[in-house]
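Data block below; observations after.
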Amino acid sequence: MFWTWDHSTEWLLNRPGAQTIGACNYYSRTQEWFEGDYTRLLEYCGRHHIDAVVVWGLLRDHHGGTESAKRLCEVAARSGVRLLCGVGLCAYGGVYYEGESPYSLDLRLQKHPELKAVNASGEPLEFRARVYGNRTFYHACPSRKENQEHIAESLQWLFKNVPLGGVQIESGDTGVCQCRACRDRRRYPVGQFSWRHGPASIPSPSRPSAR
């Protein structure tokens with residue numbers, strides 16, 4: 001499996017906007033180059049028996065959003081490769097990494113600041129990528145029922161609208177919510193991250209009743 005960031009996956013290095021370091025960077029090339037680079041990568045994987053490619057930043061308005069992702073899923077299927085979307089549950093942009101989508105975690109937390117995770121001082125928990133990239137993002141509180149329901153809804157939307165081979169899910173290792181609800185449900189105190197600090201519960205997707 002290849003694990004990739006969209007902004008640093010380049011087949012031709014002599015084009016403007018090349019990035020060779022970092023995470024959470026902006027995307028600095030065009031939609032055409034994004035699709036072209038990943039088309040070549042997926043076809044390469046098919047020829048060399050590499051099973052899957054994970055893409056963090058797969059869904060961005062800047063390089064085509066859902067429609068570009070669908071076209072790459074078609075390339076992956078033809079090549080016999082699974083295309084996986086990198087998904088952050090409580091950090092890393094959520095399902096829709098960057099853009100005007102209700103499934104963008106950053107956009108949702110801008111509109112609903114009361115759902116943000118907080119630090120020990122009660123201030124919104126903020127992560128600044130600095131050397132790793134130019135983005136600053138906030139975290140969602142994993143104990144809030146509204147956030148748990150939004151995670152489930154986002155994943156349902158993703159699988160209904162993009163024919164992916166799967167997802168790679170991360171809860172977040174850039175900070176831990178210190179609100180009362182989160183502290184009360186922990187067995188041990190934590191600092192920067194916790195293996196146990198995912199959402200308390202995520203509602204199961206609804207299924208039609210058997211007939």
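Residues in segment 2-22 that are surrounded by 15 or more Cβ atoms within 10 Å (Cβ to Cβ) and within 21 Å of Gly166 (Cβ to Cβ): 5 in all. Cβ-Cβ distances below 6 Å connect no pair with a first residue in segment 171-194 that is open to solvent by less than 30 Å² (accessible area, probe 1.4 Å), a second residue that is at pLDDT below 80 and assigned to a helix (DSSP H, G or I), and a separation of six or more residues or different chains. Only one entry of Ser154, Ser143, Ser121, Ser104 meets the criterion of being without any contact (Cβ under 8 Å) to a residue 24 or more places away in the chain and either touching a Cys at 6+ places or on another chain (Cβ under 6 Å) or open to solvent by less than 10 Å² (accessible area, probe 1.4 Å) (or both), and that entry is Ser104.
For segment 36-46, the set of residues classified as out of contact with any Gly (no Cβ under 9 Å at 6 or more places or on another chain) and in contact (Cβ under 8 Å) with a residue 12 or more places away in the chain consists of Gly36, Asp37, Tyr38, Thr39, Arg40, Leu41, Leu42, Glu43, listed by residue number. Reported count of residues in segment 19-35, each being modelled with pLDDT under 90, over 8 Å from His7 (Cα atoms) and out of contact with any Gly (no Cβ under 7 Å at 6 or more places or on another chain), is 2.
For every residue, the table says whether it meets (1) of a type in the set (Lys, Arg); (2) open to solvent by 10 Å² or more (accessible area, probe 1.4 Å); (3) under 14 Å from Trp5 (Cα atoms); (4) in contact with an Asp or Glu (Cβ under 7 Å, 6 or more places away or on another chain).
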position: His49; (1), (2), (3), (4): no, yes, no, no
position: Val54; (1), (2), (3), (4): no, no, yes, no
position: Thr66; (1), (2), (3), (4): no, yes, no, no
position: Arg71; (1), (2), (3), (4): yes, yes, no, yes
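Every residue in segment 107-117 that is under 25 Å from Glu67 (Cα atoms) and either open to solvent by less than 20 Å² (accessible area, probe 1.4 Å) or part of a loop (DSSP other than H, G, I, E, B) (or both), please. Passing the criteria: only Leu109. Residues satisfying the criterion are absent from segment 82-97 (criterion: more than 30 Å from Gly46 (Cβ to Cβ) and open to solvent by 50 Å² or more (accessible area, probe 1.4 Å)).
The values are calculated or read from the model by the stated rules, or taken from the named source; none is laboratory data. Keep in mind that this is a model prediction, so the values were computed, not measured. Glycine gets a Cβ as well: all are built from the backbone with ideal geometry, and neighbour counts include every protein chain shown. These area figures cover heavy atoms from the full protein model, side chains too; ligands, DNA and RNA do not enter into them. Shrake-Rupley method; radii C 1.70, N 1.55, O 1.52, S 1.80 Å.
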